[in-house]
Structures are given as structure tokens and as C-alpha cells.
1. From zero up to wherever the largest Cα-Cα distance of the range 295-422 sits, split into 10 Å bins and tell me the percent of pairs in each.
2. Of P162, A180, G113, which is farthest towards the positive pole of the chain's charge dipole, taken about the Cα centre with +1 and -1 on the beta-carbons of Lys, Arg and Asp, Glu respectively?
3. Could you tell me the largest-minus-smallest coordinate of the C-alpha atoms of the range 321-381 on each of the three principal axes, in descending order and whole angstroms?
4. Only helical DSSP H runs with n ≥ 4 go in: add -39500 (n - 2.57) per run for the chain, normalise by residue count and round the 222 nm mean residue ellipticity to 500 deg cm²/dmol.
5. So how strong a dipole does the range 221-275 carry about its Cα centre when Lys and Arg Cβ are +1 and Asp and Glu Cβ are -1, to the nearest 20 debye?
6. Picking from A89, H195, A364, whose Cα lies most toward the positive end of the charge dipole for the chain (charges on Cβ: Lys, Arg +1; Asp, Glu -1)?
7. Quick one: what does P(r) look like for the range 192-258 with 10 Å bins over all Cα pairs, in whole %?
8. Take every Cα pair under 8 Å in the range 53-166 that's 6+ residues apart, average their separations, divide by the length, and report that relative contact order as a whole percent.
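The values are calculated or read from the model by the stated rules, or taken from the named source; none is laboratory data. None of these values were measured; they are calculated from a predicted model. Here the Cβ positions follow ideal geometry from the backbone for every residue, glycine too, while neighbour counts run over all protein chains shown. These accessible areas exclude ligands, DNA and RNA; they are computed on the full protein's heavy atoms, side chains included. Shrake-Rupley method; radii C 1.70, N 1.55, O 1.52, S 1.80 Å.
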Amino acid sequence: MSRVLLKDVRPYGVGDPVDVLVDGEVIAEIGPGLELDPAANVDEIVHAGGAVVLPGFVDLHTHLREPGREDAETVETGSAAAALGGYTAVFAMANTDPVADNAVIVEHVWRRGREVGLVDVHPVGAVTVGLKGEKLAELGTMRRSAAEVRVFSDDGHCVHDPLIMRRALEYTKSFGGVVAQHAEEPRLTVGAQAHEGANAARLGLAGWPAPAEEAIVARDCLLAGHTGGTLHICHVSTEGTAEILRWWKSREAAGRVSAEVTPHHLLLTDDRLETYDPVNKVNPPLRTDADVLALRRALADGTVDCVATDHAPHAAQDKDCEWSAAKPGMLGLQTALGIVVQTMVRTGLLDWRGVARVMSQRPAEIAGLTDQGRPVAVGEPANLVLVDPDAEWTVRGAELASLGENSPFEGMQLPGRVVATLLRGKVTAHEGKVRR
Ligand code: DOR
């Protein structure tokens with residue numbers, strides 16, 4: 001068992017720097033000047049220079065593309081991006097090829113994650129067979145598999161049939177599962193290419209109206225309340241959705257409903273359409289300034305529980321083409337922290353404890369992980385991220401670990417650099433390099 005000393009770190013960015021001694025998989029000691037103690041006898045000292053130390057980030061929404069599109073991402077490259085971005089656990093979405101709608105596929109993804117060993121990879125199981133929305137997948141079998149699937153989603157597609165959604169909520173309730181909904185009423189988004197508003201109209205792009213999301217969110221809150229099932233709303237993108245969630249959560253009898261927002265929806269708007277650059281195409285689409293500000297407020301006050309990346313790498317040929325043919329999606333794992341610092345910390349909406357809440361603690365709680373999102377405290381698992389809050393860096397898609405290069409933040413200077421990431425006491429990333 002190795003012992004790692006994190007020298008000069010500030011838990012949650014508060015107080016004078018201290019040292020954190022990691023012994024094996026747990027935090028053994030926290031205090032000033034630990035390296036002066038000869039008994040400390042450490043294998044490695046990570047000089048952190050006053051970096052903020054937080055629990056490792058947990059991403060409820062990652063596309064790893066394996067199996068099927070290993071030209072866009074693999075479990076290995078996506079795990080590297082995750083570790084470099086400060087993550088210690090990710091949830092790999094089910095829209096692979098073949099779809100992760102059975103025990104064989106989820107166990108394959110789970111095993112690959114363990115073999116790579118950079119981050120805990122939790123496969124998400126599809127809600128319906130082939131993501132077709134017609135017949136429930138074998139949810140119980142996936143739950144009982146080695147992957148112990150707990151979160152189910154047809155992400156990329158909405159579980160639009162209300163009866164199927166009801167049954168999914170009822171069935172997953174029996175084993176403490178979560179249904180993560182991609183809220184998009186498909187009849188309202190036929191042919192949709194961008195947020196329905198003035199920009200799309202001017203450019204002649206078919207619109208994706210806000211109520212297509214909001215109607216499903218309202219419906220599913222009611223179904224969660226009625227069934228007692230647990231619902232998670234993926235990538236909230238509109239002010240109206242935030243208002244519905246606020247209303248629902250204020251009700252005494254509210255069912256268990258949680259929600260996530262992506263970094264790109266916290267920063268970018270449909271003004272990006274001007275360039276016609278498909279790097280800005282994403283589903284749900286980039287919306288308006290008013291939506292962005294409402295989402296930041298909702299994240300700050302807990303109406304939206306957490307940040308999830310919707311990391312969606314694509315091969316060059318699927319993005320470097322005309323807008324209508326391009327696939328929706330953006331890279332997110334290595335830029336999420338920077339965007340959260342820029343939009344939430346530098347604006348005074350969240351402190352570092354708040355960052356830990358929305359990027360680690362809440363996502364771990366939502367997914368039922370007991371060893372992630374824990375406090376930085378003695379006796380807790382050493383799943384940690386060290387962040388230099390003052391360092392700025394410039395995003396270069398080609399330099400990120402993902403195989404896809406589709407970052408909408410290309411060329412942007414972002415604050416907050418990951419100094420190191422530790423998974424169960426093992427350094428998985430340090431100074432921009434992964435360690436296997
Ligand atoms: O933009 C998106 N890309 N939204 C989704 O819901 C799916 C994802 C993907 O798989 O590329």
C-alpha cells in the first residue's frame with residue numbers, strides 16, 4: 001500500500017495550506033507540516049502549492065462510444081480525459097452500437113473501465129430495447145449484472161411514451177434505480193436543428209422549441225410523484241424547465257426528482273449559430289442569454305442539483321460537414337471545471353464547497369455511490385482532485401485526451417487547472433499527464 005503526501009493544499013479553498021496524508025485508499029491525516037514527521041514515511045510527495053483540494057468529480061453523463069464508435073472515443077481515451085478533468089467516476093451513456101440494453105454490453109463497458117483503471121466507469125443501461133422507446137429493456141438483469149447498473153437512460157432519445165416511462169419508474173423503484181430522462185417531445189422537434197428563436201429563423205434552421213423539453217419535464221415530475229420512482233432530468237437547457245423544477249421541488253409531496261446542467265449550457269448561447277460551425281450543434285441546443293442566467297441561478301440555489309458534462313466526442317467526418325448532417329454533441333470532460341469556475345465561482349454564485357456539491361457530492365448521491373462525493377476528511381476514501389484556482393490555460397481540442405476534437409471552447413482561456421487527481425489513493429493524473 002502506498003503512501004502519498006499532498007503538500008500544501010487547502011480543503012475547499014478555505015484557510016491556510018495544510019498537508020494531506022493518503023495511506024492506501026483512505027485519507028489518514030490532515031494537518032500542517034506532516035512531512036516533518038519522520039514516521040510519515042511516504043512514497044510520493046505531490047507539491048500542490050496551495051491548490052484547492054476537493055472530492056473527485058463525478059460525471060453522471062458521459063459518452064464513451066465503446067462499443068461501436070471507437071474512432072470517436074474509447075473507454076481508455078475517455079477515462080484519460082476524465083482523470084485529467086478531475087473526475088474519479090463517470091457514467092457511460094447507453095447509446096453505443098450495439099446499445100447497452102443488456103447485461104453483456106454493460107458488463108463489457110464496466111470491465112474495460114476496470115482494466116483501464118483511471119476512473120470508475122459505471123455503465124448506464126438503456127431504458128428501452130435498442131433505445132426505440134417501445135419495450136422496456138431488461139433493467140433487472142442489468143442491475144443484477146457485475147456492472148450493478150443503477151442509472152438507466154435512453155439519452156439521445158426521449159422515453160416519450162408516458163406509459164413506458166411510468167413502467168420504468170415503477171420497475172426501477174423496486175431496486176432503488178434512477179431513470180435519467182432526455183426530455184424532448186419528439187413530435188415538437190421533427191427536423192429541429194437549433195433553438196427555436198430569432199437566430200435560427202434568420203439562418204433558416206428548423207427550430208427546437210423550449211416547450212418540447214418543458215412538457216416532458218412537467219409530465220415526468222408528475223409521474224415520479226405518482227409512482228414514487230426516482231427521476232433525474234438530463235441536460236436542463238431552459239428557464240422554463242428550471243421554473244418547473246423549482247415548483248415541483250417546493251411541493252411537500254414531491255417525488256424524488258433531480259436534474260443536471262451541462263457546462264456548455266451555463267456559458268454558450270445560440271448567438272454561436274452565426275458561424276454555422278457544427279461544433280456548436282448540440283442536443284438540447286444552445287439557448288438564450290436569459291436561459292443561461294436562469295440556469296446559473298438554478299444551479300446556485302439547488303433547483304438544478306449538479307453539473308454533468310454530456311461529453312459527446314465525435315469523429316471528424318461527423319462534425320466537419322454541413323450543419324444539418326453534423327452529429328450533435330461537444331467535448332466536456334477536460335473543460336467542465338474551467339467553465340464552472342468561470343460561470344459560477346468568478347461570478348460569486350458558488351464557492352469551492354459549492355463546486356464540490358454540484359460536481360461531486362450531489363451526482364454521487366443521485367447515483368447512489370457511497371465511496372464518491374465524500375467529504376475531504378480523515379478516514380474518507382482518497383478520491384480527490386487538486387485544483388490551482390488561479391492558473392489559466394488555453395483550450396486546444398487537438399491536445400485534449402479525447403479522440404474527437406469537437407470542443408466548442410477551442411482557443412478560450414479558462415481558469416482553474418487540475419493539478420492532480422487521485423482515485424482510491426492512486427495518482428491518476430498529475431500536471432496534465434495521466435498515470436496508468
Ligand atoms: O448533443 C448530444 N449528443 N445530445 C445527446 O443527447 C446525445 C449526444 C450524443 O450521443 O452525441
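1. Reading the bins upward from 0: 12, 36, 35, 15, 2, 0.
2. Checked the options; the winner is P162.
3. Computed over the range 321-381, the largest-to-smallest principal extents equal 53, 29, 17 Å.
4. On the way: 13 runs with 115 residues, N = 436.
Helices in the chain give a 222 nm mean residue ellipticity of -7500 deg cm²/dmol.
5. Details: 5 positive and 7 negative charges, 76 e Å.
About 360 debye.
6. Sorting the options by dipole projection puts first A364.
7. Bin by bin from 0 Å, the calculated values are 21, 43, 22, 12, 2.
8. On the way: 226 pairs, mean separation 27.1, N = 114.
Averaging sequence separation for qualifying contacts and normalising by length gives 24 percent for the range 53-166.
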